[in-house]
Amino acid sequence: MNELGRLEDLPADYVAQLRELNLVPLWPSLRAVLPPGKPRPNTKPTCWSYEALRPLLMKAGELTPIERAERRVLVLANPGHGLENMKASAAIYLGMQLLLPGEWAPSHRHTPNAVRMIVEGEGAYTTVDGQKCPMSRGDLILTPTGLWHEHGHDGKDPVVWLDVLDLPLVYYMEASYHVNGQRQAVVPGQAERTYARGGLLPTPVFERTPKAYPMLRYPWVEAKAALQALAAEQPDLASVQITYVNPETGGHAENILGFYAQMLRPGQTLRLPVRSPATVFHQIEGGSTVTIEGQGFALAEADTCCAPGYSEIVLANRSATQSSFLFIADETPLHSKLGVYEVRA
Ligand SMILES: [Fe+2]
């Protein structure tokens, strides 16, 4: 491949003339923006230990009252993007959020899509679009773009959840903003019960719901039972994985990021295909070793790690007797919609 001309090779007065007219020569930067063969991601394989971050999150609860923080979050920032940019990957933001008993996060909505994966504590709830969603370990709760949501906590112990947002992408698009609102009126009923049986949808008077996000809470007991049923039904199946979908469309639950749960059988090692999207792994139950481009991260319960796109990833259950359960978030819907989704042999 030809060595391309550098900026330093050009006469200084020529470069100055270009700058004066807001012009830039492409060739010195061409290889950086269009590298050969595969991208050069800024996203670095990174792991965040829950045991290490938890005391610092609890300390934040002492140092900063909720009124001064609004959202008491420690962001899981990827050093490859610069910590201050608060990105796990190009499109994914991760944050560990603490809500103390009696605290309340006022009703608001925003353009980025969010989900929360509950990490610890009982008694907290998120009200999304009028639906009160109780939070228990491993539950996935959606707060999609534009839907009103607020958090409250009637329990006795601190509650922690992992926020996963497409904030870096929406911010990059200069489309990120929020609006504060009135406390929501709670609508009775739980949509996850309406959609509790696979293949059966409510159709009052032959009509499907017009709601873009018909299901907002995916209880862990249901997801875990689905994984265990799949594993039992197909004993030879190598990848015991489910996707969190919109039950009305069968498509991904949200528009930009994809969400999944993976079960590793006792002692199982699973090599994932090399794919274009960046991927986040969060240990719900058990323990796994996630090896990203040869770099191994031992995940204990509530630990989180992230892998850049186009990485070789191997998942291994460290226990010979217990199953391992991982929550996975990735950029698949985004890559698919943009036509850049790729799987390499
Ligand atoms: Fe929010």
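For the chain, the relative contact order comes to 15 percent (Cα pairs under 8 Å, sequence separation of at least 6).
If you take the square roots of the eigenvalues of the alpha-carbon gyration tensor of region 86-147 and sort them as a ≥ b ≥ c, do you get rounded (a/c under 1.5), prolate (a/b over b/c) or oblate?
Oblate, because a/c is 1.5 or more while a/b does not exceed b/c.
For the chain, the membrane-span-like helices by this rule, meaning whole DSSP H stretches whose C-alpha atoms cover at least 18 Å of axis and whose Kyte-Doolittle mean is -0.5 or above, are 50-63, 220-233; this says nothing about an actual membrane. Projecting the Cα atoms of S239, V221, P266 onto the charge dipole of region 221-274 (Cβ charges, centred on the Cα centre) puts P266 farthest toward the positive pole. Sorting 142-151, 73-82 by average packing, meaning the other beta carbons within 10 Å per residue, from highest down gives 142-151, 73-82. Would you work out if region 199-345 is rounded, prolate or oblate? Take a ≥ b ≥ c from the square roots of the eigenvalues of the alpha-carbon gyration tensor; rounded if a/c is under 1.5, else prolate when a/b is larger than b/c, oblate otherwise. Oblate, since a/c reaches 1.5 and b/c is not below a/b. For the peptides 189-196, 273-280, the ranking by mean Cβ contacts within 10 Å, running from highest to lowest, is 273-280, 189-196.
Note on the chain: Lys pairs 8 or more places apart or on different chains, Cα atoms under 23 Å apart, count 10. So if I take the centroid of the Cα atoms in region 49-116 and the same for region 186-237, what is the distance between those two points in Å? So the two Cα centres are separated by 29 Å.
Based on protein heavy atoms only, the chain ends up with 51 Å² per residue of surface accessible to a 1.4 Å probe. So for the chain, what percent of the C-alpha to C-alpha distances run longer than 32 Å? Here the long-distance tail beyond 32 Å is 35 percent of all Cα pairs in the chain. Compactness of region 14-168 was expressed as the Cα radius of gyration divided by 2.2 N^0.38 Å, which yields 1.35. Could you tell me which of rounded, prolate or oblate describes region 178-223, using a ≥ b ≥ c as the square roots of the eigenvalues of the alpha-carbon gyration tensor, with rounded for a/c under 1.5 and, failing that, prolate when a/b is larger than b/c and oblate otherwise? Cα axes put region 178-223 in the oblate bin. Legend: P(r) of region 65-117 from all alpha carbon pair distances, 5 Å bins from 0, whole percents, reading 4, 17, 23, 24, 19, 10, 3, 0.
The values are calculated or read from the model by the stated rules, or taken from the named source; none is laboratory data. Note that the coordinates shown come from a computational prediction; the quantities given were computed from them, not determined experimentally. Note that we place each Cβ from the backbone using ideal geometry, even for glycine, and neighbour counts take in every protein chain shown. Quick note on the areas: whole protein, heavy atoms, side chains included, nothing else; ligands and nucleic acids left out. Shrake-Rupley method; radii C 1.70, N 1.55, O 1.52, S 1.80 Å.
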